[in-house]
Amino acid sequence: GQQVMQIPQYQHVQEGEDFTTYCNSSTTLSNIQWYKQRPGGHPVFLIQLVKSGEVKKQKRLTFQFGEAKKNSSLHITATQTTDVGTYFCAGYTGTASKLTFGTGTRLQVTL
Amino acid sequence: DTAVSQTPKYLVTQMGNDKSIKCEQNLGHDTMYWYKQDSKKFLKIMFSYNNKELIINETVPNRFSPKSPDKAHLNLHINSLELGDSAVYFCASRKGNTEAFFGQGTRLTVV
């Protein structure tokens, strides 16, 4: 079945440092979504990318969708303590309505 | 006005018991999911319903039985609870291939 892996599994940075998480799918995705889950919370949608090679920005966050539509990345510039949480990518394959989540990257930010 | 609401938020029960978790969404979405999040934070899809019809049934023990009385509700009944069932269970809903909205989660602890 489809597998979606993320690396790293965990990253600890100091406030102000940059952070990147990478997402790789074993199959081609029709689109890729990113979610953030704060400690003790539930996943909250951040963004969706649809086109091959697409890049989107949300303030300090930059999202990319790979040319082959099998990988994606999330880059955070100058992290803040409010960025703490687990970041998940998620994707649909073809016409299936199965939304498969990546393994997640837990980000810890300290002062 | 909570978009996706789950009850209960916490559930502590003994092995062998039967329990239910309820989920309701007021977003008018046509697809609803149950996800299981284990201690490693992996989000695994369990079931998906579209317009009250079961469309995804992952490799889940048949002790787990979902029921969708209407488009706005998706409940999860678990028979003969086991220690390994301890996890956080999330309900989610979406319309089309758009973002998924998650409930607050139900933390199930089997003792």
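The values are calculated or read from the model by the stated rules, or taken from the named source; none is laboratory data. The structure displayed is predicted, hence computed values, not measured ones. All Cβ positions, glycine included, derive from the backbone under ideal geometry; neighbour counts span all protein chains shown. Calculation scope for accessible area: heavy atoms of the full protein, side chains included, ligands and nucleic acids excluded. Shrake-Rupley method; radii C 1.70, N 1.55, O 1.52, S 1.80 Å.
What are the residues in the range B:39-66 that are under 18 Å from B:LEU81 (Cα atoms), open to solvent by 70 Å² or more (accessible area, probe 1.4 Å) and away from chain A (no Cβ under 12 Å), if any?
If the condition is that a residue be under 18 Å from B:LEU81 (Cα atoms), open to solvent by 70 Å² or more (accessible area, probe 1.4 Å) and away from chain A (no Cβ under 12 Å), then B:SER39, B:ASN62 are the ones that fit.
Scan A:THR105, A:THR81 and give me the residue that is more than 26 Å from B:LYS95 (Cβ to Cβ), of a type in the set (Ser, Thr, Tyr) and open to solvent by less than 50 Å² (accessible area, probe 1.4 Å).
Numbers: A:THR81 fails: open to solvent by less than 50 Å² (accessible area, probe 1.4 Å).
When all the criteria are applied, what remains is A:THR105.
Somewhere in the range A:86-93, is a residue within 14 Å of chain B (Cβ to nearest Cβ) and open to solvent by 20 Å² or more (accessible area, probe 1.4 Å)? Outline the logic, then answer.
Within the range A:86-93, the first condition is being within 14 Å of chain B (Cβ to nearest Cβ), and the residues that meet it are A:86-93.
Cutting the leftovers down to open to solvent by 20 Å² or more (accessible area, probe 1.4 Å) gives us A:93.
Scanning the range A:86-93 turns up at least one residue that is within 14 Å of chain B (Cβ to nearest Cβ) and open to solvent by 20 Å² or more (accessible area, probe 1.4 Å).
What pairs come out if I take residues in the range B:66-81 that are over 11 Å from B:GLN25 (Cα atoms) and assigned to a strand (DSSP E or B) and pair them with residues that are of a type in the set (Val, Ile, Thr) and open to solvent by less than 50 Å² (accessible area, probe 1.4 Å) whose C-beta lies under 6 Å away, six or more apart or interchain?
B:LEU76/B:ILE21
Quick check on my filter: what residues within the range B:18-32 are open to solvent by 50 Å² or more (accessible area, probe 1.4 Å), in contact (Cβ under 8 Å) with a residue 60 or more places away in the chain and closer than 19 Å to B:ARG107 by Cα?
Of everything in the range B:18-32, those that are open to solvent by 50 Å² or more (accessible area, probe 1.4 Å), in contact (Cβ under 8 Å) with a residue 60 or more places away in the chain and closer than 19 Å to B:ARG107 by Cα turn out to be B:ASP18, B:LYS19.
Would you be able to tell me the number of residues in the range A:1-44 that are under 17 Å from A:THR62 (Cα atoms), aliphatic (A, V, I, L, M) and either open to solvent by less than 40 Å² (accessible area, probe 1.4 Å) or not in a strand (DSSP E or B) (or both)?
Of the residues in the range A:1-44, 1 are under 17 Å from A:THR62 (Cα atoms), aliphatic (A, V, I, L, M) and either open to solvent by less than 40 Å² (accessible area, probe 1.4 Å) or not in a strand (DSSP E or B) (or both).
Taking the range B:88-102 only, how many residues are within 13 Å of B:GLN37 (Cα to Cα) and either open to solvent by less than 10 Å² (accessible area, probe 1.4 Å) or not in a strand (DSSP E or B) (or both)? Quick ask: steps written out before the conclusion?
Within the range B:88-102, the subset within 13 Å of B:GLN37 (Cα to Cα) is B:88-92, B:102.
Checking the rest, the ones that are also either open to solvent by less than 10 Å² (accessible area, probe 1.4 Å) or not in a strand (DSSP E or B) (or both) come to B:89-92.
So the count comes out to 4.
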